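The values are calculated or read from the model by the stated rules, or taken from the named source; none is laboratory data. Given the structure is predicted, the values throughout are model-derived calculations rather than measurements. Glycine also receives a Cβ, built like all others from the backbone with ideal geometry; neighbour counts cover every protein chain displayed. Just so you know, the surface numbers come from the protein's heavy atoms only, side chains and all, with ligands and any DNA or RNA stripped out. Shrake-Rupley method; radii C 1.70, N 1.55, O 1.52, S 1.80 Å.
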Amino acid sequence: MLEIKHLSKQYGKFTAVDDLNLTVPDSSIFGFVGPNGAGKTTTMKIMSGLLKASSGSVIIDGMDVTKNPKALRESIGYMPDFFGVYDDLKVSEYMDFYAGTYYIAYEKRPAMIDNLLEIVDLSHKKEAYVDSLSRGMKQRLCLARSLIHDPKLLILDEPASGLDPRARVEMKEILKQLQMMGKTIIISSHILPELAEMCTQISIIDKGHLVVQGSVQEIMKQITKVRTIQIRPLEQMQALIKLLQEQPLVENLIENTFDTEFSFQGTDQELAMLLKQIVLAEIPIASFKEKEGNLEEIFMQVTGGEEK
Amino acid sequence: MMMNPVLRRETKTTLRNWKMFAVITVYTAVVAIGAILYIYGSMFNSYDYSFDPQSMVGMYTVLCAMQMALMLLAAPALTAGAISAERERQTLDLLLMTKMSSFSIVIGKLMSSMSMLLLLMVATLPVFSIAFYFGGVSLLALFGMMLYIVLTACMAAAVSIFFSCIFKKTMVSMVVVYLLIGGVCCFGTLIASLMVNSLYWSMYQTEPNIVLQMVLLSPNPGVGFFSVIQEQMGNNFIDMIFGNDFNQYSGVTAFFIRHYWLVNVLFDVIVICIFVSLSVYFLNPVRKKK
């Protein structure tokens, strides 16, 4: 769907994006994470054809955005991080205006607007003035606006910023629904955990450089090379501790009140063998799991602790 | 055919707002007060304190001059924020991302401002009707004058949109446009013409080349306005500006002296084309150097 090759953007002597390479597969939710000033908005503006790249290319559906931005406007729906609305319009008029900017026929608009307002759960506000909407509602309205021409690719720059927890959950649900409708979504945030649960792929950028890219699990594996395993036996805690102490791949063993944690440096096969040994030793196990790393810590680690 | 979306939205929201009706009321009131003052003035100055219908021709000139001045004031006020207000409101990026070309956006903004100015002019027609009710002014003359004023206002609007594209703040673009239209086009060209005239008299004891003066005064909407009045009313405003011996000229030069407003019209059309093109260029986000 989208491929970024050697993308760079310079503002005078300052390099906002430096030799960025990315690939976004079809129908995925792609998280674009980085601290403030990492180059996310600049990259997204270049993707949307709102900013000229200093070098490199952004290819969407086989066409280069940097060479022909106008041709790709129909394929892209863009929602900026900061946006305004025409306060003196009603919600339906606001949508109608943007339908007009895509030259959608007058007769097609009412049904299309109703449908989009339903997706973003704003049908009940159709005749309300945009001015009277809450921040979350305005965000959803802007999302509906970006869908007015039925684009294949949605570029959403921090769509959840400034929203309360309930509005964030609603926004996530809408995005999942859009993914199911076949849309490819690129979403940025400076908070990794916010994107982790809904994104199929994530890339972390910092100071204009791509730091890491992949699924959340892959990124965690890349960053936290040693896995933390947590075992909760029903009984025989001391026998379990003794068995684990004898294992060469086990390190940093910690005994808690009800469970035990340790670092494991082996492969998945070696981990399976360890579990088999415990079971053969007839130690009753209630829980055996790989402990998830703290996403905030990972983010701080890869971005050099510059999250703001 | 689909109406320009920007024009459609702006027309809808402007006409919905009470401020526009307040502006129309004030504008019409100013022109009406001008007409009343003129009628009272002419009665007061008359020999037997009576109303002379012939003075209506003079009233027409005064009303047209007021209309012209008010339009030149209103055009930048309505258009200097055309693009910069979108930028200030953070809606410009959303607009530029749509299928509308920069040209359509600029034309939509220009048409929107012009439609408001036309509305103001139409609102004052009842006041103008006093002048041609008593005769001396034909409807065609009034229509011709209105066209000239609209074109001049369109020139001011095109310049305003350009400055609105390049300046981030509406106030800055408005000040620059007023300085350019009022300071340079209206007064600057007159001062330049007078300076050239006096220089020629002091150096060569003769009037400067008429073509040079015509070119110098081509941006001046006032000179064009009086040229239209001269053609309609038969007075000699332009003769006074270009000197008394212009009859020595013939051919194309003589034609343009007699119909000097054509030079202004040509200037306005060229300025509109140039500034609309520049606005389109500067509005294109991927062409702009940031």
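Can you send over the carbon and sulfur percentage of the accessible area for chain B, probe radius 1.4 Å, protein chains only? Please report the intermediate quantities before stating the final value.
Numbers: 10100 of 13990 Å².
The value for chain B is 72 percent carbon and sulfur by accessible area.
Take the residue pairs A:K52/A:K126; A:K172/B:K99; A:K40/A:K152 and return only those whose Cα atoms are more than 32 Å apart. Intermediate values should be presented prior to the final figure.
Details: A:K52/A:K126 37 Å; A:K172/B:K99 28 Å; A:K40/A:K152 20 Å.
Correct reply: A:K52/A:K126.
Would you jot down the residues in region B:56-102 that end up with at least 50 Å² less accessible area in the complete protein assembly than in the chain alone, with a 1.4 Å probe?
Correct list: B:Q90, B:D93, B:L94, B:M97, B:T98, B:K99.
For region A:1-66, what Kirkwood radius comes out of the mean inverse Cα-Cα distance, in Å?
12.1 Å
In the Gaussian network model of chain A, springs joining C-alpha atoms below 10 Å, which of A:T260, A:T42, A:T66 carries the largest mean-square fluctuation?
Maximum among the listed residues: A:T260.
What is the dipole size for chain B, taken about its Cα centre, with +1 at each Lys and Arg Cβ and -1 at each Asp and Glu Cβ, in debye to the nearest 20? Intermediate values should be presented prior to the final figure.
Details: 16 positive and 11 negative charges, 370 e Å.
The calculation lands at about 1780 debye.
Given 20 Å bins starting at zero, what is the percent of C-alpha pairs of chain A in each, up to the one with the largest pair distance?
Final binned percentages: 29, 45, 22, 4.
What number comes out for the charge environment of A:E261, summing +1 per Lys or Arg and -1 per Asp or Glu over other residues with Cβ under 9 Å away?
-1
For A:K289, list the lysines whose Cα falls under 17 Å from its own Cα; do not include residues on the same chain fewer than 8 positions away.
A:K221, A:K225, A:K276
Take the alpha carbon gyration tensor of the protein assembly as shown, find the square roots of its eigenvalues, order them as a ≥ b ≥ c, and report rounded if a/c is under 1.5; if not, report prolate when a/b exceeds b/c, else oblate.
prolate
With point charges of +1 on the Cβ of Lys and Arg and -1 on the Cβ of Asp and Glu, referenced to the Cα centre of chain A, which listed residue (A:I119, A:N21, A:L192) lies farthest in the positive direction of the dipole?
Result: A:N21.
Let me know the Rg and Dmax you get for region A:225-292 when you use only its Cα atoms, in Å.
Reported Rg and Dmax, both Å: 10.7, 30.
Give the cross-link partners of B:K109 among the aspartates and glutamates, using a straight C-alpha distance below 12 Å as the criterion and excluding same-chain residues fewer than 8 apart.
Partners within reach: B:E10, B:E86.
With a 10 Å cut-off between alpha carbons and a GNM built on chain B, which of B:S250, B:S113, B:S104 moves the most?
Evaluated over chain B, the most mobile residue of the options is B:S250.
May I have the convex hull volume per residue, in Å³, for the Cα set of region B:67-131?
Numbers: hull volume 5.6 nm³, N = 65.
Per residue, the Cα convex hull of region B:67-131 comes to 85 Å³.
Explain nothing, just the number: dipole magnitude of region A:2-221 about its Cα centre with +1 on each Lys and Arg Cβ and -1 on each Asp and Glu Cβ, in debye rounded to the nearest 20.
Using only the charged Cβ atoms, the result is roughly 420 debye.
Can you tell me the Rg and Dmax of region B:1-58, counting just the alpha carbons, in angstroms?
19.8, 60
What do you get for Rg/Rh of region B:34-103 when both radii come from the Cα atoms and Rh is the Kirkwood radius?
1.42
Compare A:L274, A:L195, A:L175 in a GNM of chain A, Cα atoms joined below 10 Å, and give the one with the largest fluctuation.
Of A:L274, A:L195, A:L175, the Gaussian network model singles out A:L274 as fluctuating most.
Quick one, can you get me the convex hull of the C-alpha atoms of chain B expressed as volume per residue in Å³?
About 173 Å³ per residue, rounded to a whole number.
For region A:179-290, report the accessible area per residue in Å² (1.4 Å probe, heavy atoms, rounded to an integer).
About 54 Å² of surface per residue is accessible.
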